[in-house]
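Just so it is clear, none of the values below were taken in a lab; they were calculated from the coordinates. Keep in mind the model is a prediction, meaning the values are calculated, not measured. Note: ideal-geometry Cβ built from the backbone for every residue, glycine included; neighbour counts use all protein chains shown.
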Amino acid sequence: MLRRNCLLLFLCFLFEQSSCAPFQSRPGQEWPHSQTGPSAAGRNGGSKGFQRVKRGWVWNQFFVLEEYMGSDPQYVGKLHTDLDKGQSAVKYTLSGEGAGTIFTIDQITGDIHALRSLDREEKPYYTLRAQAVNIETNRPLESESEFVIKVQDINDNEPKFLEGPYTASVPEMSPVGTYVMKVTATDADDPTYGNSARVVYSILHGQPYFSVDPKTGVIRTALPNMDREVKELYQVLIQAKDMGGQLGGLAGTTTINITLSDVNDNPPRFSKSIFHLRVPESSAVGSAVGRIKAHDLDTGKNAEVEYNIVPGDGGAMFDIATNEHNQEGIIMLKKPLDYETKKAYTFKVEASNAHLDPRFHNFGPFKDTATVKINVLDVDEPPVFSKPSYAMDVYEDTPQGTIIGAVTAQDLDAGNSPVRYSIDWKSDLDSFFDIDPVRGTISTNELLDRESIAQHNISVVATKVNNPVLTSRVAVTVHVLDINEFPPELAMPYETFVCESAKVGQVIQVISARDQDLPQAGQRFSFKSPQEGVKTKNFTVRDFGNNTAGVVTLRGGFRRRSQEIYHLPVLIEDGGLQTLSSTSTLTIRVCGCDTDGSLLTCSAEAIFLHVGLSTGALIAILVCIVILLVIVVLYVGVRRQKKKETLMTSKEDIRDNVIHYDDEGGGEEDTHAFDMGTLRNPKVIKENLFRRDVKPELGLCPRRPIASQNSADISNFINQRLQEHDGDTSAPPYDSLATYAYEGEGSVAESLSSIESVKGETEEDYDYLNEWGPRFKTLAGIFGERSEKCECAYSCACVLK
């Protein structure tokens with residue numbers, strides 16, 4: 001107990017910065033408390049007033065130990081007010097967090113106990129409220145006050161690595177002290193109290209390669225020149241211990257997997273100095289003819305190798321590239337091989353790292369060289385065409401058997417075997433062409449039509465006589481040339497019209513033509529009218545010289561009533577070697593047009609209609625009508641809104657309204673609030689059983705009965721009115737507030753208001769309050785048990801249903 005009291009003394013010094021004894025009181029917040037006594041002159045020269053006396057709570061800063069394991073409730077502290085004279089007249093109440101469930105208070109002594117064990121890490125403090133009340137009347141003696149009970153920490157939580165296990169990496173060959181990573185352990189205990197949360201770090205496994213800072217948890221390398229190629233992965237076990245690492249502290253551990261990342265500290269090396277390859281002479285240009293590899297002990301980009309052919313004998317025939325997946329050097333054929341020309345090639349290949357690290361230049365050159373010898377193998381090759389592809393032209397409708405071209409292939413081997421030609425039937429299913437098997441000439445086998453097929457793609461096969469298995473193919477493209485066989489025609493069906501107001505020489509339509517033939521140097525069309533020799537004409541065709549023409553009026557004054565439709569023949573000629581022509585007919589309708597030439601109507605019946613309003617005018621009229629309708633709707637809505645008057649907006653409706661007044665009534669002289677005659681003569685009330693619900697205009701308070709009136713009669717009268725209101729079926733279905741009172745400045749009983757109480761001359765006897773019935777029992781008890789009477793302001797109201 002002595003140790004606990006000393007600890008609380010130390011905590012009081014820290015948190016309160018003032019001296020205190022265990023569970024002894026200290027001045028707290030002061031609270032107002034009224035006391036009766038003589039104050040100032042009042043009614044007729046003297047009266048009783050009230051005087052404010054400062055009172056206050058007094059208590060310690062409360063603490064409670066966490067994880068308390070005792071059998072009895074743990075004592076927390078004591079509440080005390082200076083109004084408590086030790087006569088058991090004061091009762092203490094406790095509310096707030098944990099009141100009644102975690103904390104309990106002795107209502108008489110104010111002692112607070114904790115009912116169960118608490119965990120600071122779960123909740124570090126509790127906010128409660130205390131109040132002192134009169135043990136008999138249960139009235140508050142002081143205002144409710146708030147205080148805090150703090151849970152005092154003990155070392156019951158070990159440090160924890162929340163993010164473990166960890167992974168980290170550090171470059172190989174790093175110097176001593178290179179930063180690896182930082183680990184942090186979290187202790188849930190209070191860091192501001194003792195050493196419960198003071199953590200110290202140490203290495204249990206992983207020495208002598210790494211070290212850890214005991215305070216910060218930073219891990220660094222402890223050995224120089226650690227080589228990844230020797231050992232790549234290290235597992236380090238870190239311990240975090242609280243209480244500053246002292247004996248008895250709690251500890252937690254975590255594992256860190258540290259990987260040595262690679263650096264370019266190893267050059268590439270060929271496994272042998274000479275590589276022998278054999279390549280067939282038939283290998284295609286660009287194909288891979290062999291692979292070599294230089295090994296690098298590094299990984300990733302540090303193991304990337306670049307291969308280069310050293311200029312010299314044979315290097316021009318080959319090229320080398322790096323395979324990015326396995327870092328092999330792929331030797332590719334750069335030019336065609338010919339066994340009969342050269343049978344072997346020799347060259348050197350150099351392998352070097354693509355990414356060098358300047359820190360390791362002193363290790364030596366990061367490259368290696370090897371010799372490559374390639375032997376060319378003789379292969380029986382297929383015939384070779386003189387061209388990679390052939391193109392031939394032929395006019396359509398060319399007679400059958402006409403030679404259109406030839407292909408040539410030969411055997412390049414030493415045997416020089418004869419070659420035979422054929423057409424692959426899959427490429428010429430309709431047998432449009434034929435080929436001479438010895439000479440390779442291609443001729444037509446059918447009449448060709450460019451409009452059906454404009455281009456033929458056939459495949460010619462060359463085969464060696466001494467080895468029919470060896471064949472080669474070549475693509476032959478045959479273009480079918482066009483001849484003039486289709487006459488021109490109008491490009492589209494035109495819908496032509498002429499306005500009744502058209503003038504002479506006006507172009508009313510522009511026309512163009514099209515031709516199914518394929519022109520050699522662009523299409524050329526000419527237009528004219530076959531009626532040029534006729535004297536009486538309405539329209540003519542004017543050729544613009546750019547493959548278009550215009551329909552031009554030769555007169556004016558067209559009228560739909562006289563003739564609605566005209567037909568104009570148009571003669572069109574093309575510009576081919578053999579000129580072809582055709583005649584097309586344009587249908588021209590006479591229509592009514594606007595002043596700017598825009599089409600209005602082409603119907604003959606429209607000429608008998610009167611000229612109406614334009615579209616813009618009709619739209620303007622519709623907009624005006626819509627605006628007028630909107631104005632009418634808004635006006636009607638406003639009128640209806642003004643006529644609406646809900647029950648709550650009525651000044652005479654007081655249902656569910658509670659109105660508070662701070663001024664007293666005018667007594668019998670005030671005839672505006674209610675009819676005083678009804679109260680003075682209760683018999684009159686029988687004549688009218690309907691209630692009068694009137695919203696009070698002044699704050700009215702119940703007054704004591706007139707001296708000449710009996711209190712029992714007034715009580716019976718009020719109860720009778722209450723029963724009549726409850727049984728009145730004609731009353732509105734809502735609650736009302738009816739006030740019945742006598743007191744006021746004009747009343748015989750004079751005023752009971754506290755506002756005017758300071759003007760009293762003599763002391764009043766409040767014993768008559770006991771005669772008013774049970775409704776005034778509490779008020780009579782307050783004034784009856786005080787030794788010194790106090791004249792205070794009270795207002796009373798009787799709320800009737």
* Structure fact -> Taking 0.36 nm per residue of separation between HIS567 and ALA454 and subtracting their Cα-Cα distance, the length gained on full extension comes to 36.9 nm
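In nm, what is the difference between 0.36 nm times the number of residues separating ASN362 and ILE154 and their Cα-Cα distance?
68.9 nm
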* Would you calculate the separation in nanometres between label points at ILE619 and LYS85, each defined as 7 Å from the Cα along the Cα-to-beta-carbon direction? => 9.8 nm
* Loop only per DSSP, at most 12 neighbouring Cβ atoms within 10 Å: give me the trypsin sites (Lys or Arg not before Pro) in the range 380-450, ordered by residue number. => ARG439
* Cα-centre dipole for the range 160-261 with unit charges at Cβ (Lys and Arg positive, Asp and Glu negative), debye to 20 -> 120 debye
* Based on DSSP, what percent of beta bridges with both residues in the range 269-377 are antiparallel, to the nearest 5? -> 80 percent
* Asked: What is the distance, in nm, between label points placed 7 Å from the Cα along the Cα-to-Cβ direction at LEU233 and at THR259?
  -> 0.9 nm
* Which residues in the range 180-194 place their backbone N less than 14 Å from a point set 7 Å from the Cα of SER202 along the Cα-to-Cβ direction? -> none
* Given LYS123/LYS215; LYS342/LYS367; LYS293/LYS348, the pairs whose alpha carbons are separated by over 25 Å -> LYS123/LYS215; LYS342/LYS367
* Asked: How many nm is it between the label spots at THR601 and LEU412, if each spot is 7 Å from the Cα in line with the beta carbon?
  -> 8.4 nm
* Could you rank the peptides 197-206, 68-77 by their average count of other C-beta atoms within 10 Å per residue, with the highest value first? => 197-206, 68-77
* Asked: Roughly speaking, what is the stretch gain from THR402 to THR341, that is 0.36 nm per residue apart minus the C-alpha to C-alpha distance, in nm to one decimal?
  -> 17.8 nm
* To do: Scan around THR178 for amide H atoms under 5 Å from its own, H built in the peptide plane at 1.01 Å from N, and keep only partners 5 or more places away or cross-chain.
  => THR221
* Protection-proxy order for peptides 375-382, 388-395, 627-634, each taking the mean of Cβ atoms within 10 Å per residue, highest first -> 375-382, 388-395, 627-634
* **Of LYS334/LYS426; LYS272/LYS343; LYS272/LYS334; LYS272/LYS335, those spanning more than 31 Å from alpha-carbon to alpha-carbon** => LYS334/LYS426
* To do: Assuming R0 = 41 Å, can you tell me the calculated FRET efficiency for the pair GLU328 and TRP425, based on Cβ-Cβ distance, to the nearest 0.05?
  => 0.40
